[in-house]
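These notes are about the structure you will find just below.
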Amino acid sequence: GAVGGAGEQGECTVHGGALALLVRDPGTRARHLPQALRHFATGDHQLTPAALVPALVTHPDEVLEAFRARLRGPDAAQVLRTLTHVTTPALAQRITELVLEAAELRPELAGQVAGFVERRLDQGAEARTVLLPLVTELLDDGPEPVRAALATVLGAAGTPVSRPLRQELLEFLLDRERDPGVLDALLHAAAAQREDDGDGMRELVRRTGLLLVRTPDGATLFDRGLVDLGRHVPGFAALMARWLTDTPQEWAAVVGPSTRRMLGNLAGVRVPA
């Protein structure tokens, strides 16, 4: 009996590390996957989400189900980060559905969800079919932290390959979003673009401002945001001062007089009131 006990004990220590290797090898995978998934479900630290990625291709149902279960647990962020790196086209749709589920269930995962979107944007046109429905659904009625994190991604300059889809999703956001917190996130992303010509950036800052100034709270937030950015983003105050001076009519309804003065002071120039 005692010997059997010790033997079973030994069996248990096939544990995460060994199971991870057995699951990686296509020859031993099928036999050991069920045990590996049980370990994974209990949160065995040696069996990371990444260790199961090779099995996604051959056993997508079982592995995605295991990931889905872990997305409800404490290490959900790690699972989402792992899914971000899985770019197998055949799995794209199902992984996107998992990410959507996680975003709606766990708003605190906003950063990882945005990271997933950003990485997919860099795949360009091929990502469009899965990314468009995911992002539009989240921008339509996803939790506010998730929409703000997405605004940060969509408002950034991004890579050339990501631009057409980024622009399309940004238009979708600008058409619908009215939450000051989300629009403030967009403003900060726009200011970080630091484009030389500043045209796309100027237009985005102005359109964000037009949406924010519809409410008194939003107008206050926009003014405060501009001054804050003028203080902390090198060159932003000078850019703003130039825009306010060159095209005053474009900004008349958007930027208040005291904010104009502040931006002028920060840039060391005089801005017409």
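Per the Cα gyration tensor, the chain maps to an equivalent ellipsoid with semi-axes of 49, 18, 15 Å, ordered largest to smallest. Each Lys and Arg Cβ is given +1 and each Asp and Glu Cβ -1; about its Cα centre, region 12-128 then shows a dipole of about 180 debye. Scanning the chain for trypsin sites (Lys or Arg not before Pro) lying in DSSP loops with no more than 14 further Cβ atoms inside 10 Å, the longest uninterrupted stretch between such sites is 73-177. The Cα atoms of region 1-151 give a gyration tensor whose axes a ≥ b ≥ c have a/c of 1.5 or more with a/b greater than b/c, which makes the shape prolate.
Computed from the Cβ-Cβ distance with R0 of 30 Å, the FRET efficiency linking residue 159 to residue 30 stands at 0.15.
With an a/c value of 1.5 or above and a/b larger than b/c for the gyration tensor axes a ≥ b ≥ c computed over the alpha-carbon atoms, region 166-273 is described as prolate.
The angle separating the long axis of helix 89-105 from the principal Cα axis of greatest extent in the chain is about 70 degrees. If you take the Cα centroid of region 33-48 and the Cα centroid of region 175-191, the two points sit 41 Å apart. Against the longest principal axis of the chain, how steep is helix 49-58, in degrees 0 to 90 to the nearest 10, with axes from Cα atoms? Value to nearest ten degrees: 70. Treating each Cα of region 79-226 as an identical point scatterer and summing with the Debye formula, the log10 of I(q)/I(0) at q = 0.09, 0.17 Å⁻¹ comes to -0.27, -0.91. Using a probe of 1.4 Å on the protein chains alone, the accessible area found for residue 100 is around 30 Å². The figure for residue 217 is an accessible area of roughly 120 square angstrom, using a 1.4 Å probe on the protein chains alone.
Accessible surface for the chain, divided over its residues, is 48 Å² per residue with a 1.4 Å probe. Modelled this way, with points 7 Å down the Cα-to-C-beta line, the labels at residue 199 and residue 178 are 3.3 nm from one another.
When a 1.4 Å probe is rolled over the protein heavy atoms, the share of accessible surface on region 90-222 that falls to carbon and sulfur comes to 51 percent.
When both region 85-137 and region 208-273 are represented by their alpha-carbon centers, they are found 35 Å apart.
The values are calculated or read from the model by the stated rules, or taken from the named source; none is laboratory data. Given the structure is predicted, the values throughout are model-derived calculations rather than measurements. Positions of Cβ are backbone-derived with ideal geometry, glycine not excepted, and every protein chain shown enters the neighbour counts. Keep in mind that these areas ignore ligands, DNA and RNA; they rest on the heavy atoms of the full protein, side chains included. Shrake-Rupley method; radii C 1.70, N 1.55, O 1.52, S 1.80 Å.
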